[in-house]
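To start, the structure itself, in structure tokens.
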Amino acid sequence: MSKLCSEVDGFDLAVLQHVLCCAQQPRDLLEEVRAALKPGGQLVFVEHVLADRAKMPYLLAAQVAFRPVQLALCNGCDPCRDSERLFESQVFEEVKLKRFSLPVLGVPIPHIKGVALKSEADLTKTWRGPLTVEEFL
């Protein structure tokens, strides 16, 4: 991505869908995506996340138990990666996300979807990008 970004001025929009679970260094990946965006650029994302310990303890236990199998069979996809926390780690200036479940073989797999914004120093609060959070969520 770095080589591509050196050839252009940056991107208005980036999309990640089920990518962070397979990245060896997911925070580094988010930082690289942020660097590739123009000021005011958006990252739209959908990622599966850890089950909530209080609301879905059995699903969380299953995620932990099946982790070795999923890592081996699904290109290193880590079902125990806490991708939601990555977006709370201040890589992006503004993040709006929503939790939802996506049924896979009848099992409600927890996911997040959202939009992260790379701000710029003179960005006003009235900025309107090509996609609103409400349109996506």
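So here's what we get for this one:
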read-out	value
Region 49-61, residues that are without any contact (Cβ under 8 Å) to a residue 40 or more places away in the chain and not charged (D, E, K, R)	Ala54, Pro57, Tyr58, Leu60, Ala61
Every residue from region 48-63 that is part of a helix (DSSP H, G or I) and not hydroxyl-bearing (Ser, Thr, Tyr)	Pro57, Leu59, Leu60, Ala61, Ala62, Gln63
When residues of region 33-56 are limited to those that are touching a helix residue (DSSP H, G or I) at 6+ places or on another chain (Cβ under 8 Å) and within 12 Å of Lys118 (Cα to Cα), the one surrounded by the fewest Cβ atoms within 10 Å (Cβ to Cβ)	Ala35
Lone unmet requirement of (1) in a strand (DSSP E or B); (2) of a type in the set (S, T, N, Q); (3) surrounded by 15 or more Cβ atoms within 10 Å (Cβ to Cβ) for Gln70	(1)
Options Ala51, Ala116; residue that is at pLDDT 90 or above and under 30 Å from Asp9 (Cβ atoms)	Ala116
Residues of region 73-89 that turn out to be over 20 Å from Asp28 (Cα atoms) and surrounded by 12 or more Cβ atoms within 10 Å (Cβ to Cβ), as a count	1
Condition met for Ala14 (in contact (Cβ under 8 Å) with a residue 24 or more places away in the chain, surrounded by 14 or more Cβ atoms within 10 Å (Cβ to Cβ), of a type in the set (Gly, Ala, Ser) and in a strand (DSSP E or B))	yes
When residues of region 73-117 are limited to those that are part of a strand (DSSP E or B) and without any contact (Cβ under 8 Å) to a residue 12 or more places away in the chain, the one nearest to the chain's Cα centre (by Cα)	Ser101
Members of region 21-47 that are assigned to a strand (DSSP E or B) and among the acidic types (Asp, Glu)	Glu47
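The values are calculated or read from the model by the stated rules, or taken from the named source; none is laboratory data. Predicted model, so just to flag it, every value in this text is computed and none were measured. When we count neighbours, we look across all protein chains shown, and the Cβ atoms used for this are built from the backbone with ideal geometry, even at glycine.
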